[in-house]
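Asks: I'd like to ask you about the structure that follows.
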Amino acid sequence: MQLDDLQTIAEKHQASRKKFCLRTCMSAGCMSSQADVIKKNLESEVKTQGLEADVEVRRVGCMGFCGQGPLVGVDGHAQDGELFEHVKPEDAPAVVRSLTGGECALERGDPHHPFFAKQLRIVRANGGIIDPERIEDYIAAGGYVALHNALTELTPAQVIEQITRSGLRGRGGAGFPTGLKWSTVAKSPGAKKYIVCNGDEGDPGAFMDRSILESDPHLVLEGMAIAAHAVGADQGFLYVRAEYPLAISRLNLAIKQAKALGLLGGAIFESPFTFNIDIRIGAGAFVCGEETALMASVEGKRGTPRPRPPFPAESGLWGCPTLINNVETFANIAPILNRGADWYASLGTEKSKGTKVFALTGKIQNNGLIEVPMGIPLRQIVEEMGGGAPDGGSIKAVQTGGPSGGCIPAQHLDTPVDYESLVKLGSIMGSGGMVVMDDKTNMVEIAKFYMEFCMDESCGKCIPCRTGTVQMFRLLEKITARQATAADLAKLEELCDMVRATSLCGLGQTAPNPVLSTLRFFRHEYEELLQSDAHAAPPPATPA
Amino acid sequence: MGAKTLIIDGQTVSAENHVTILQAATDNGITIPTLCHLDGVYDVGACRLCLVEVKGSTKLFSACTTRVYEGMEVTTQSERLKKYRRMTIELLFAERNHVCAVCVANGHCELQALATSLGMDHVRYDYCFPKWGMDLTHPFLGMDDNRCILCTRCVRACWHIEGAGTKNVAGRGSKSHIISDLNEPWGDSETCTSCAKCLLSCPTGALFHKGDTVGESERDRSKLGYIVNAREKQQWIV
Ligand SMILES: Cc1cc2nc3c(=O)[nH]c(=O)nc-3n(C[C@H](O)[C@H](O)[C@H](O)COP(=O)(O)O)c2cc1C
Ligand code: SF4
Ligand code: SF4
Ligand code: SF4
Ligand code: FES
């Protein structure tokens, strides 16, 4: 396999394109509403109407407008890019007839709606366009050229320099500079090094990584292979949670296809570079997304975190230097090499570059998956793209960062979405969960919900998190049951401080965040629930 | 390269290269409270009692897992640390059913001793009163989950000193508990050698000799140290 061969595959694939293409979303969301039957019906309908020569029915990944699914997109039509929403299996004849001018009463999405227009699609560029189960589709979209160029034109140090200059930061939550992490692993002594892709995605309501893995698996594999070249690794592990069977089967297929074409395995692009990727399946523990717990799990041990240092970059899998990045982080690599570090660095804000994918949900008109440039004001996301609260309600707060994050109140909606601004408001970027809350939402209940999640997901290894989350949850229950006093609230705040400062891993260290952030902006909602006699007592002292 | 000089609680001390803060402190007569640490088995940094402050960082570090470096400045006894340690012990007492007056380890229990030395005189949190049982299937050893603080000292002793691999942790969060083999009755275990090293390592009354009554469970932990010493340094004690 060489560059010419890639081009031949791409050209052959282009030449086989038909006049029309019906793109049927076959991601987990639409699949749950019979997308597979829809695709089958479309195919047989194309045959019935004698349009086989002109119409391709293509399996594609997520288009993002998941709330309106199942979705079928149309290419090559008078209105190119037309999108049918809420398609049912019995709608197939009407959809196919519409290609030849027939009437079709189905709801149509407006491609110029801000929900689409305000997006900037880099990691999701192929989502909903290419067939994730055909490597030819990915190659025709320019796939594996970045890997080729990295191997033949760039030294490992040059690849790392590009990634560093792009300003890319980890998308797994903490926003650690990716180039710096890569160069640490590259410099760590050791003959054997590993690449790990974190696809555990455990935040409640989050499905950004799932959609990337389901819609464009080769993009992640290519990013991992480039990383392996850069840091000197020859083995990768892709850790995916067991709840994502479709992603797992597409990844297995993608790895097989890439190996068959000499894009993974030995002698990649006929160079000495060898890189293999194995899939490891997580068994449903949120904490296994934490890097040290994840690595213990890959090694076949009980998935519990261990203290850092040593960091994985120094001593990771089986004691070897290990690079661990999130799915979305790896998905950014090939685009950066293809279009240049300067292009990437020109997107976003000073310290947060590129784009971020969010799963927009909650009390909002348009929910789904969006990829937006960093620095976009939160207001544009929720009001313009999301269309605001349904049923004329008003937005009260936006939760970002899941159980490790916080709530940003409506008065701060003009905040730009970047790592530092969100931290300043007591929340975090997190992995991309974004839950909108309307004026009917009780913020103490929200804090309690996340605390219950952390309590249930605590691995139990360290005392502050294992027992502290239980006590904090009990105090929150007491407050919502209107049985708490000001002293209980003070106890809660003291525990928040202690659990945050003393827990072993990020789960415990951030578990108090939803409480702290709602206390910061909605303290009165807590105080209103306190027992009336105690309510008159002076406010509790803030813990040291 | 051999030694490092650092400051612990204002005292300049020297320490061997690569030792942990805990070792350096202990070697110099400075006491840091610990619970999951046990001489002879590897450290896991789980109990968080040994947390110390290190100058230059806002984070706290577990002394049992953090290695010293030249010029390090460590504080082991700030007001904040003392408060956190007291709270940690309080949380443990609230978590399971610790009724010292009727416990085999009364008077010989590390948890109880820490409560005293850290000045934890009452528990402000709701007692959880969980319903844990006992495993009395072993011929002469017993396990009472109600007293277990999940320090995993028994697990590490069983795997790494005895090499039997009988003891394990099952469940997560507050439902974590110590099991034998794949959660079988201890008495049915085919891997357990009945060496009682788990019992020797247990800081509380969770593991005990059947037949011991209140306050009788006194354990000589140095036995474990002898074994490890003999194995690692080839030093035999007569
Ligand atoms: C409790 C916990 C859960 C986590 N879950 C995930 C996850 O599901 N996916 C992920 O990529 N990172 C997760 N992380 C962050 C990882 O530990 C790690 O920082 C990340 O994978 C690094 O990749 P990045 O540098 O590309 O962001 C989690 C961290 C904690 C503390
Ligand atoms: S903070 Fe929680 S999840 Fe992390 S090690 Fe401690 S108990 Fe486990
Ligand atoms: S008696 Fe020995 S072998 Fe049996 S469980 Fe205890 S430590 Fe393990
Ligand atoms: S049984 Fe004893 S040694 Fe084992 S985890 Fe419980 S308290 Fe620790
Ligand atoms: S002794 Fe260090 S964390 Fe337990």
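The values are calculated or read from the model by the stated rules, or taken from the named source; none is laboratory data. What you see is a predicted model, and the numbers here were worked out from it, not measured in a lab. Backbone-built Cβ (ideal geometry, glycine too); neighbour counts: all protein chains shown. For the accessible areas, the whole protein counts, side chains as well, though only heavy atoms, and no ligand, DNA or RNA atoms are used. Shrake-Rupley method; radii C 1.70, N 1.55, O 1.52, S 1.80 Å.
Asks: Of the peptides A:114-122, A:131-139, how do they stack up when ordered by the mean number of other Cβ atoms within 10 Å, highest first?
Replies: The densest-packed peptide leads the list: A:131-139, A:114-122.
Asks: Still on this structure, please answer the following. Pop a pseudo-label 7 angstrom from the Cα along the beta-carbon direction at both A:GLN34 and A:GLU90 and give the gap in nm to one decimal.
Replies: 0.8
Asks: Moving on. Based on the Cβ-Cβ distance from A:ASN276 to A:LYS301, what FRET efficiency comes out when R0 is 35 Å, to the nearest 0.05?
Replies: Working from the Cβ atoms, E equals 0.95.
Asks: Rounded if a/c is under 1.5, else prolate if a/b beats b/c, else oblate: with a ≥ b ≥ c from the C-alpha gyration tensor eigenvalues square-rooted, which is the range A:142-344?
Replies: rounded
Asks: Inside 10 Å of the C-beta atoms of A:302-312, what's the mean count of C-beta atoms belonging to other chains?
Replies: Mean partner shielding for this stretch: 3.
Asks: Sticking with this structure for a sec: Post the alpha-carbon centroid distance, the range A:269-317 to the range A:397-435, in whole angstrom.
Replies: The range A:269-317 and the range A:397-435 have Cα centres separated by 28 Å.
Asks: Over the range A:355-440, calculate the relative contact order: mean separation of alpha carbon pairs under 8 Å at least 6 apart, over the residue count, as a percent.
Replies: Worked out over the range A:355-440, it gives 36 percent.
Asks: Using each residue's phi in the range A:127-144, evaluate 6.51 cos²θ - 1.76 cosθ + 1.60 at θ = phi - 60° and report the 3J(HN,Hα) Karplus result to the nearest Hz, with x for Gly and Pro.
Replies: Here the 3J(HN,Hα) series is x, x, 10, 9, 7, x, 9, 10, 5, 4, 4, 5, 5, 5, 8, x, x, 6 Hz.
Asks: Accessible area of the range A:142-344 with a 1.4 Å probe: how many percent of it is carbon plus sulfur?
Replies: That fraction is 56 percent.
Asks: Provide the gained length on full extension for the span A:LYS118 to A:GLU528, in nm with one decimal, where the gain is 0.36 nm per separating residue minus the Cα-Cα distance.
Replies: Residue separation times 0.36 nm, minus the Cα-Cα distance, leaves 143.6 nm.
Asks: Could you tell me the calculated FRET efficiency between A:LYS187 and A:THR48, based on Cβ-Cβ distance and R0 = 51 angstrom, to the nearest 0.05?
Replies: Working from the Cβ atoms, E equals 0.25.
Asks: Continuing with this model, one more query. Report, to the nearest whole %, how much of the accessible area of the range A:355-440 belongs to carbon and sulfur atoms, 1.4 Å probe, protein only.
Replies: 51
Asks: Arranged from highest to lowest average of other beta-carbon atoms within 10 Å per residue, in what order do the peptides A:396-407, B:99-110 appear?
Replies: Ranked by mean Cβ neighbours within 10 Å, highest first: A:396-407, B:99-110.
Asks: So between A:TRP318 and A:ASN442, what do we pick up on full extension, going 0.36 nm a residue minus the alpha carbon distance?
Replies: Going from the current span to full extension adds 40.0 nm.
Asks: Name the shape class, rounded, prolate or oblate, that the alpha-carbon gyration tensor gives for the range A:1-159, where a ≥ b ≥ c are the square roots of its eigenvalues, rounded holds for a/c under 1.5, and otherwise prolate holds if a/b is larger than b/c and oblate otherwise.
Replies: Since a/c reaches 1.5 and a/b is larger than b/c, the shape of the range A:1-159 is classed as prolate.
Asks: Next question, about the same structure. Within chain A, what percent of beta bridges assigned by DSSP are antiparallel, to the nearest 5?
Replies: Counting DSSP beta bridges with both partners in chain A, the antiparallel share is about 50 percent.
Asks: Nearest 20 debye, what's the magnitude of the dipole of the protein assembly as shown about its Cα centre given +1 on Lys and Arg Cβ and -1 on Asp and Glu Cβ?
Replies: The dipole of the protein assembly as shown has a size of about 1300 debye.
Asks: Across chain B, how many lysine pairs separated by 8 or more positions, or lying on different chains, have Cα atoms within less than 16 Å?
Replies: For chain B, the number of qualifying lysine pairs is 7.
Asks: Now for a different question. List the cysteines of chain B that have no other Cys Cβ closer than 4.7 Å: which are they?
Replies: B:CYS50, B:CYS64, B:CYS100, B:CYS103, B:CYS109, B:CYS128, B:CYS148, B:CYS158, B:CYS192, B:CYS195, B:CYS202
Asks: Could you sort the residues of the range B:169-203 by number and keep only those whose accessible area is reduced by 50 Å² or more in the all-protein-chain setting relative to the chain alone, 1.4 Å probe?
Replies: Listed by number, the residues meeting the 50 Å² cut-off are B:ARG172, B:GLY173.
Asks: What lysines sit close enough to A:LYS39 to cross-link, taking a C-alpha to C-alpha distance under 16 Å and skipping anything fewer than 8 places away on the same chain?
Replies: A:LYS47, A:LYS88
Asks: OK, next. Calculate what fraction, in whole %, of the accessible area of the range A:444-527 sits on carbon and sulfur atoms when a 1.4 Å probe is rolled over the protein chains.
Replies: Percent of accessible area from carbon and sulfur atoms in the range A:444-527: 49.
Asks: Compute the distance in nm between two label points, each set 7 Å from the Cα along the Cα-to-Cβ direction, one at A:THR155 and one at B:GLN77.
Replies: About 5.5 nm separates the two model spin labels.
Asks: Relative contact order for chain A using alpha-carbon pairs under 8 Å, separation at least 6, rounded to a whole percent?
Replies: After rounding, I find 13 percent.
Asks: Is there a simple number for the mean count of other chain Cβ atoms within 10 Å of the Cβ of residues in A:452-465, and what is it?
Replies: If you average over the peptide's residues, the count of other-chain Cβ atoms is 5.
Asks: For the range A:17-109, give the magnitude of the charge dipole about the Cα centre (Cβ charges: +1 Lys/Arg, -1 Asp/Glu; no others), in debye to the nearest 20.
Replies: 260
Asks: Treating only the Cβ of Lys, Arg, Asp and Glu as charged (+1, +1, -1, -1), what charge dipole size does the range B:83-232 show about its Cα centre? Round to the nearest 20 debye.
Replies: So the dipole magnitude of the range B:83-232 works out to roughly 540 debye.
Asks: Among bridges DSSP assigns within the range B:3-77, what percent are antiparallel (round to 5)?
Replies: Within the range B:3-77, antiparallel bridges account for around 85 percent of the total.
Asks: Count the lysine pairs in the range A:355-440 whose Cα atoms sit under 19 Å apart, keeping only pairs 8 or more residues apart in sequence or on different chains.
Replies: For the range A:355-440, the number of qualifying lysine pairs is 5.
Asks: Could you give the length gained by full extension between A:PHE176 and A:LEU106, i.e. 0.36 nm per residue of separation minus their alpha carbon distance, to one decimal place?
Replies: Result: 20.7 nm gained on full extension.
Asks: Ok, one more. Shape call for chain A from the C-alpha gyration tensor, a ≥ b ≥ c root eigenvalues: rounded (a/c under 1.5), prolate (a/b greater than b/c) or oblate?
Replies: Since a/c reaches 1.5 but b/c is at least a/b, the shape of chain A is classed as oblate.
Asks: Whose amide H sits under 5 Å from the amide H of A:ILE279, counting only residues 5 or more places off or on another chain, with H placed in the peptide plane?
Replies: For A:ILE279, the qualifying residues are A:LEU238.
Asks: For the range A:142-344, what relative contact order do you get, as a whole percent, if you take Cα pairs closer than 8 Å and at least 6 residues apart?
Replies: Contact order relative to length: 32 percent.
Asks: With the other protein chains left in place, how much accessible area per residue, in square angstrom, belongs to the protein assembly as shown at a 1.4 angstrom probe?
Replies: For the protein assembly as shown, the solvent-accessible area averages 40 Å² per residue.
Asks: In Å² (nearest 100), what accessible area is buried between A and B, both sides summed, heavy protein atoms only, 1.4 Å probe?
Replies: For chain A against chain B, roughly 2700 Å² becomes buried.
Asks: Okay, moving on. Counting only other chains, and only Cβ atoms inside 10 Å, what mean value do you get across the residues of B:87-93?
Replies: 5
Asks: Let me ask another. Ranked highest first by the average count of other Cβ atoms within 10 Å around their residues, in what order do B:157-164, B:225-232 fall?
Replies: Answer by packing, highest mean first, reads B:157-164, B:225-232.
Asks: Compute the distance in nm between two label points, each set 7 Å from the Cα along the Cα-to-Cβ direction, one at A:GLN483 and one at B:LYS223.
Replies: About 4.6 nm, to one decimal.
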